[in-house]
Amino acid sequence: MPIEMGRPKNPRDLYHACGGDVVTARPLLTGDVFEDVTIIEADGTTRAITAMVLDHPCSLRADGVTLVPRLAVAVVLPAEGAHWSGSFNRMFLPVPFPQTSKEVKACAAFFDQCYHVSPEQLHVGKRIACLNPLGINILLQRRVKHFSRVTVEAFKFQEANEGVYEEADLIEEWCLDREDDGLKEDEAMAECVAWLREELPDGRRRRVLLDDSQTRSPVRREARSYVRALRQMAKEAPESDRS
């Protein structure tokens, strides 16, 4: 039986957050979309584009925190609807993607219009959408189809990347909580990543435990408990220690 290409039952099922629901505390992830990103053309001219991050989550950071110097992005443009059974050179972004309207029913990230940008170029722009695991899986499936004409079941991308998706959600929650204690986002992210990479008495690391559905829930419970303890310590610390 031929493998079917993935498609959302409801377009909203593609997104973790759009527009004003996007929080800066969420770590950069595959499928994130930024507007007003300045890119440099081959002739040296510059222009601003809307760009989708294409790099695999494991390729975005060398140390778990710092973004690599060059990030691959695809140009996002209006598209003539979302034709999920074809047009494999693009990842469709239908409503509620912020740049859609009554006139523009869908946008798309075009894999044949790609650039490399620095993290600084990206962050000068504004992040307007984040895909959820379903959206990222469909994005990866369509990219593989475009470059190889091979169709890979979308669930295989879920199996391969589930721990990464869980880690992104955990870091986002951690950073939101720790910001209330006065930590900057990069400080909170580094704190969380260090906790996830800490070697446990049995030699394992928590970020590896997130890969397994059988050990994932205890890690999340432990994270919530640890953050509560940190927040309590912050409340009890003398005012001089907080400044």
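Every read-out reported here was derived from the displayed coordinates using simple, explicitly stated rules and does not represent laboratory data. Note that this is a predicted model, so its numbers are computed, not measured. Cβ coordinates were reconstructed from backbone atoms using ideal geometry, including for glycine residues, and neighbour counts include every protein chain displayed.
Express the relative contact order of the chain as a whole percentage, based on alpha carbon pairs under 8 Å and six or more residues apart in sequence. Relative contact order here is 22 percent.
When all alpha carbon pairs of region 8-121 are counted in 10 Å bins from zero, the resulting P(r) reads 13, 43, 35, 9, 0 %.
Put in order of Cβ neighbour count within 10 Å, fewest first, the listed residues R205, R220 become R205, R220. Taking every alpha-carbon pair under 8 Å whose residues sit at least 6 apart, region 158-242 reaches a relative contact order of 32 percent.
With the gyration tensor restricted to C-alpha atoms of region 158-242, the semi-axes of the equivalent ellipsoid amount to 26, 14, 10 Å, longest first.
Normalised by the number of residues in region 11-152, the average gap of Cα pairs under 8 Å and 6 or more apart makes the relative contact order 33 percent. Working note: Cα gyration tensor of the chain, eigenvalues times five, square-rooted, sorted largest first, giving semi-axes of 33, 22, 16 Å. Packing, as the average of other Cβ atoms within 10 Å across residues, places the peptides 108-117, 64-73 in the order 108-117, 64-73, highest first. Compared with the dominant Cα axis of the chain, that is its longest principal axis, helix 133-148 is turned about 40°.
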